[in-house]
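Please read the structure below before turning to the comments.
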Amino acid sequence: MSVEAAAQEIGVHKAEAVLFFTLLQLTVVVLAGRIGSSLAVRFGQSTAVGEIIVGILLGPSLFGLLAPSTFNYVFHSAPGEPMQVLSQIGLIFLMFQIGLEFDFGHLTERRNRRAVMWVAAAGLLLPFALGLALGWVVAPFLGGQNGQALATALFVATSFSITALPILGRILIEFDMTQRPLGVIAISAAAINDVVGWLLLALVTALSVSQFQAGGFALNVGAVGLFAVLSWWIARPLLKRLVRWAQNQPARDGAPKALSNNLLGLLIAAIFIGAMTTYKLGIFAIFGGFMLGVLLHDERELVDTWRDRMGQFVTVFFLPIFFTYTGLRTNIGGLDTPALWGWCAVVIGLATVGKFCGSYLAARFVGLPKAESKVLGILMNTRALMELIVINVGYDLGVISQNLFTMLVLMAIISTVITSPLLRRWLPRCAPGS
C-alpha cells in the first residue's frame, strides 16, 4: 500500500500517512533491536552484534524473503528519506559520542609502548595492502556505479584496516581486561588504528568526490586539514570556555550542572554546525560530529553526564535505526552464485588473515608469548560498527556495489562474532595479569 492509498484509506493528509509509516518502522526497529541485543547477551556476544544481525534480518535477506507483502507494507509504503535522515542524525550523534569517549591517554601509555606501535602499524598496513590488492582485482565486477577502480580498492583497503574501538571497549570491560597490559595494548593500538582509519576515510572520500582531479583533491584535503587545525586551536578553547561557563551557572531547570538544558542545546547546535561544515568541505557529515566529540574528550564530567543522560537514548533509539538501514541495503540473496559466495569467502578470509596475522606477528616480534599474541590478534580483528560506517560511506559514494557491500557486512559481523568465543578459549592460557 502506498502513502497515497494509505492517506485515502485513513482519511488524513499525506504527511500524516508518512508519519504513520515512519512511526511503524521505528516501532519495529526499536523493539527488534532490544530483542536482538538481549539474545546476543544470552549467547555471550556484544549487544551490538545482536542489533546488527537483527538489522540484517529485517531487510530483504529474511523478512523481505519470508513475508514480502508485509515487508513492503512496513518499509516500502512510504519514501525512505525519513528513516535515512534519522539514521544519519543518529550516526552524527553516535560519532560525537565516540569522539567524546576517545581516551587519548592510551596513546601515551609508557607501559608496552613498543608493542602498541608495532601492533598498530602491522594491524593497519597488512590488511590495508591485502584490501587494496583485492579491491583492485574485484573492482571490474564488484565495483560501484562510478567505475573508479582505485576508489573501490581504497575503500576495501580502509574497511579491512579499521578496528571497532567502541565494541572492543565493551568486550574488554566484559572480560575484565581494561587494566591488564593486553587490554591496554589492544585499546591503544585500536585507538591509533581508528585515528589513521578516519583520516584515511576522509582522504579517500575527498579523493572520490574530486573525481581524481589533482587540483580538486588537493583543495579538499587542504580544506579538511584547515578545518581540523581551526577546530583544535580556535573552536576547542571556545567550546571549553562555553562548557565551563554553563557549568558555573545556577541550576534552574532541574538538569545536572555538568550538562544543563542550555548547554545541551548549545552542544547539539555545535554538533550540527560541525556536521554541516564537513559536508560542505566535501566529506561526510559524520566527521563533523566525531571532531566535535574529540574537541571535548577531556571534559570528563561532561563526558560522564552525556553518557548517562544521552548515551542510552542514542544507543537504544538511533543505533538500531542505523543497523536496520544497513540491513535494508544488505541482500544476502543477491549472492546467488557459487562464484559470488567464493568471493565473499575470500573477502572474509583475507580481512581476518590480514588483521589477525599482522597483529599476531607484531606482538611476537616484540617478545610477547603466543597466547597473548593470539589474544591481541583476535581483539584487533573486531570490526562491527566502524566497519559498517565505512562501507555505508563507500556505498553512498557509489564506489562499491550492493554485492560487495553485502560481503563486507558479513565480514564485519563474522569478525566480531568470533571474538568472544576465541577470547574464552585463549585468555585462560595467558600468564596471570597479562
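The values are calculated or read from the model by the stated rules, or taken from the named source; none is laboratory data. Note that the structure is predicted; figures quoted are calculated from it, not measured. Methodologically, a virtual Cβ is constructed for each residue, glycine included, from the backbone with ideal geometry; neighbour enumeration extends over all protein chains shown. When the accessible area is computed, the model is the full protein with side chains, heavy atoms only, and any ligands, DNA or RNA have been set aside. Shrake-Rupley method; radii C 1.70, N 1.55, O 1.52, S 1.80 Å.
In region 381-395, the count of residues that are under 20 Å from ALA153 (Cα atoms), assigned to a helix (DSSP H, G or I) and of a type in the set (Asp, Glu) is one or more. Regarding VAL49, is this residue surrounded by 17 or more Cβ atoms within 10 Å (Cβ to Cβ), farther than 13 Å from ILE413 by Cβ and among the aliphatic types (A, V, I, L, M)? No; evaluated as a whole, the condition is false for this residue.
Give region 374-405 a look and list any residue that's among the polar types (S, T, N, Q) and surrounded by fewer than 24 Cβ atoms within 10 Å (Cβ to Cβ), or say none. Talk me through it step by step, then tell me what you get.
The initial filter retains those residues of region 374-405 that are among the polar types (S, T, N, Q), namely 381-382, 392, 401-403.
Within region 374-405, ASN392, SER401, GLN402, ASN403 meet the criteria.
Among the residues of region 401-434, the one identified as β-branched (Val, Ile, Thr) and either touching a strand residue (DSSP E or B) at 6+ places or on another chain (Cβ under 7 Å) or assigned to a loop (DSSP other than H, G, I, E, B) (or both) is ILE418.
Per the conditions (1) buried (at least 22 other Cβ atoms within 10 Å of the Cβ); (2) of a type in the set (A, V, I, L, M); (3) modelled with pLDDT of 85 or more, the sole criterion not satisfied by ILE286 is (3).
Listed residues GLY398, GLY354, GLY358; which is in contact with a Ser or Thr (Cβ under 9 Å, 6 or more places away or on another chain) and in a helix (DSSP H, G or I)? None of the others qualify; the one that does is GLY354.
Selection of region 28-45 for residues being farther than 19 Å from PHE313 by Cα, crowded, with 16+ Cβ neighbours inside 10 Å and of a type outside the set (S, T, N, Q) yields only ALA40.
Residues of region 245-267 that are open to solvent by 30 Å² or more (accessible area, probe 1.4 Å), within 30 Å of the chain's Cα centre (by Cα) and modelled with pLDDT of 80 or more: ASN261, ASN262, GLY265, LEU266. Can you confirm whether ILE414 is open to solvent by 10 Å² or more (accessible area, probe 1.4 Å), aliphatic (A, V, I, L, M) and either closer than 16 Å to PHE160 by Cα or in contact (Cβ under 8 Å) with a residue 12 or more places away in the chain (or both)? Against the criterion (open to solvent by 10 Å² or more (accessible area, probe 1.4 Å), aliphatic (A, V, I, L, M) and either closer than 16 Å to PHE160 by Cα or in contact (Cβ under 8 Å) with a residue 12 or more places away in the chain (or both)), ILE414 qualifies. In this structure, is GLY225 of a type outside the set (Lys, Arg), surrounded by fewer than 15 Cβ atoms within 10 Å (Cβ to Cβ) and either modelled with pLDDT under 90 or not in a loop (DSSP other than H, G, I, E, B) (or both)? It is true that GLY225 is of a type outside the set (Lys, Arg), surrounded by fewer than 15 Cβ atoms within 10 Å (Cβ to Cβ) and either modelled with pLDDT under 90 or not in a loop (DSSP other than H, G, I, E, B) (or both). Whether any residue in region 59-73 is among the β-branched types (Val, Ile, Thr), touching a residue at least 24 places away in the same chain (Cβ under 8 Å) and touching a helix residue (DSSP H, G or I) at 6+ places or on another chain (Cβ under 8 Å) is what I want to check. Checked against the condition, which is being among the β-branched types (Val, Ile, Thr), touching a residue at least 24 places away in the same chain (Cβ under 8 Å) and touching a helix residue (DSSP H, G or I) at 6+ places or on another chain (Cβ under 8 Å), region 59-73 yields no hits at all. The single condition among (1) within 28 Å of GLY222 (Cβ to Cβ); (2) of a type outside the set (Phe, Trp, Tyr); (3) open to solvent by 50 Å² or more (accessible area, probe 1.4 Å); (4) touching a residue at least 40 places away in the same chain (Cβ under 8 Å) that MET291 does not meet is (3).
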